[in-house]
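As structure tokens, the structure follows; a few thoughts come after it.
The values are calculated or read from the model by the stated rules, or taken from the named source; none is laboratory data. These numbers come from a predicted model, not from an experiment. Backbone-built Cβ (ideal geometry, glycine too); neighbour counts: all protein chains shown.
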Amino acid sequence: MKILIIRFSSIGDIVLTTPIIRCSKKQYPHAEIHFLTKEKFEPILKANPYISKIHTIKDDVQPIMQSLIHEQFDYIIDLHHNLRTLYVKSILKQAFNSKVQVYSFNKLNFKKWLMTTFKINILPPISIVDRMFECVKEIKIQNDHQGLDYFISKEDEINKGDLPTSHVCGFIACSIGGQYFTKKMPLEKWKEICQKIEHPIVLMGGKEDQAFGEELKKIDPIKIYNACGKYSINESADIIRKAKFVITHDTGLMHIAAAFQRNIISIWGNTVPKFGMFPYYGNNDLLSKVTKKSIMIEVKHVSCRPCSKIGYHECPKKHFRCMNLISIDEILQNVNQQIAS
């Protein structure tokens, strides 16, 4: 038996598919699990022991199609569900004379549109992971509630000497980056947090966050280590794994932290946990199964929030209240509780 799982992007979304990968393999141990994704995200999955083969594209799926046809899949689990995956599925169904069984994830885009446009919430109060399992229940792939996976090979682990001596005995990881402006807390807010935390800090982010990180490092160059842009995604994941706990925006590193069962203080701007993309530990939701590992900081009374299911490069209303009104005292109170524990 061969199963093809499809998710092209991005970091967090791919990490959120890992329970499907694991449960598919464990519940069908003789099956080959294949994964189709974008080339730049292959490192996230390359050490995953449940995957038999990773197929990658740059942007166009056409060059990979002949290789996929050759595999003769029995099942396709489409966890991206867009026009590109529709094309892949239609070509494979034609090639296999419709013998392949296809299961596609319902992204609930209409319900998200209601939420962002009219603030009408009829979304289920569960993780997107639990919703993914609903699309494969027909083939009896069930959630084992073991949470997310992230595997790092030995060569991708950071060396002890990579971090400053001041941070060897423990540090807080602060993920200051984000793909969109409206998901990132302003510099002055981060400055206040970094000034008042009396504990070593490692700043996490991409190359585009380096200058932001340097501004924060100026507060205390010994206490604050700017790791933005210095490490690969897997090396960054290893730093997250070694952190005492993580302060983060709604980013891929947040989900990686959850995969390592790190305690997380997440800060939410224009997006909301109600979309189902909150830190997932295997058995938590937004109602009855709340976990103490995850503290979600958000300004709930801003009427224009959420304005997008993804994000914007500037605030559509120009006031950016969803981040500007974030309570630093609330963040620091939770930071101190984490340090004390």
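From the set of residues in the range 280-292 that are out of contact with any Leu (no Cβ under 9 Å at 6 or more places or on another chain) and buried (at least 16 other Cβ atoms within 10 Å of the Cβ), which is nearest to K196 (Cα to Cα)? The qualifying residue nearest to K196 (Cα to Cα) is T291. Considered as a group, the residues in the range 89-114 that are aliphatic (A, V, I, L, M) and touching a helix residue (DSSP H, G or I) at 6+ places or on another chain (Cβ under 7 Å) include one that is farthest from S67 (Cα to Cα), and that residue is V102.
In the range 145-171, the residues that are outside the structural domain of P19 (by TED's automatic domain parsing) and in a loop (DSSP other than H, G, I, E, B) form Cβ pairs under 9 Å with partners that are loosely packed, with under 12 Cβ neighbours inside 10 Å and at pLDDT below 95, at six or more places apart or across chains, as follows: V168/K160. Among the hydroxyl-bearing types (S, T, Y), under 27 Å from S153 (Cβ atoms) and part of a strand (DSSP E or B) - does that describe any residue in the range 13-26? No: the range 13-26 contains no residue that is among the hydroxyl-bearing types (S, T, Y), under 27 Å from S153 (Cβ atoms) and part of a strand (DSSP E or B). All of (1) buried (at least 16 other Cβ atoms within 10 Å of the Cβ); (2) over 19 Å from the mean Cα position of the chain (by Cα); (3) outside any strand (DSSP E or B) hold for D60 with one exception: (1). Please verify whether the range 110-130 includes one or more residues that are farther than 26 Å from V272 by Cβ and buried (at least 16 other Cβ atoms within 10 Å of the Cβ). Within the range 110-130, none of the residues are farther than 26 Å from V272 by Cβ and buried (at least 16 other Cβ atoms within 10 Å of the Cβ).
Conditions tested, residue by residue: (1) of a type in the set (D, E); (2) crowded, with 16+ Cβ neighbours inside 10 Å; (3) farther than 25 Å from E192 by Cβ.
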residue: T271; (1), (2), (3): no, yes, no
residue: K309; (1), (2), (3): no, yes, yes
residue: R321; (1), (2), (3): no, yes, no
residue: Q337; (1), (2), (3): no, no, no
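Of the residues examined, L123 is one that is touching a residue at least 40 places away in the same chain (Cβ under 8 Å) and out of contact with any strand residue (DSSP E or B) (no Cβ under 6 Å at 6 or more places or on another chain). In the range 36-47, is there at least one residue being closer than 27 Å to D250 by Cα, among the aromatic types (F, W, Y) and in contact with a helix residue (DSSP H, G or I) (Cβ under 6 Å, 6 or more places away or on another chain)? Yes. Per the conditions (1) within 21 Å of the chain's Cα centre (by Cα); (2) more than 18 Å from C135 (Cβ to Cβ); (3) not β-branched (V, I, T), the sole criterion not satisfied by H80 is (2). Among all positions in the range 2-14, there is at least one residue which is touching a Gly at 6+ places or on another chain (Cβ under 7 Å) and either crowded, with 20+ Cβ neighbours inside 10 Å or farther than 28 Å from K309 by Cα (or both). Of the residues screened, I264 is one that is modelled with pLDDT of 95 or more, over 14 Å from M185 (Cβ atoms) and not small (G, A, S). Given the structure, is I54 assigned to a helix (DSSP H, G or I), within 27 Å of the chain's Cα centre (by Cα) and among the β-branched types (V, I, T)? Considered against the rule, which asks whether it is assigned to a helix (DSSP H, G or I), within 27 Å of the chain's Cα centre (by Cα) and among the β-branched types (V, I, T), I54 comes out as no.
Filtered by the rule that a residue be surrounded by fewer than 18 Cβ atoms within 10 Å (Cβ to Cβ) and outside any helix (DSSP H, G or I), the range 79-99 gives H81, N82, F96, N97, S98, K99. Among the residues of the range 220-236, is any aliphatic (A, V, I, L, M), touching a strand residue (DSSP E or B) at 6+ places or on another chain (Cβ under 9 Å), part of a helix (DSSP H, G or I) and in contact (Cβ under 8 Å) with a residue 40 or more places away in the chain? Checked against the condition, which is being aliphatic (A, V, I, L, M), touching a strand residue (DSSP E or B) at 6+ places or on another chain (Cβ under 9 Å), part of a helix (DSSP H, G or I) and in contact (Cβ under 8 Å) with a residue 40 or more places away in the chain, the range 220-236 yields no hits at all.
For the structure I just gave you, tell me whether I326 is assigned to a loop (DSSP other than H, G, I, E, B), at pLDDT 95 or above and not polar (S, T, N, Q). Spelling it out, I326 is indeed assigned to a loop (DSSP other than H, G, I, E, B), at pLDDT 95 or above and not polar (S, T, N, Q).
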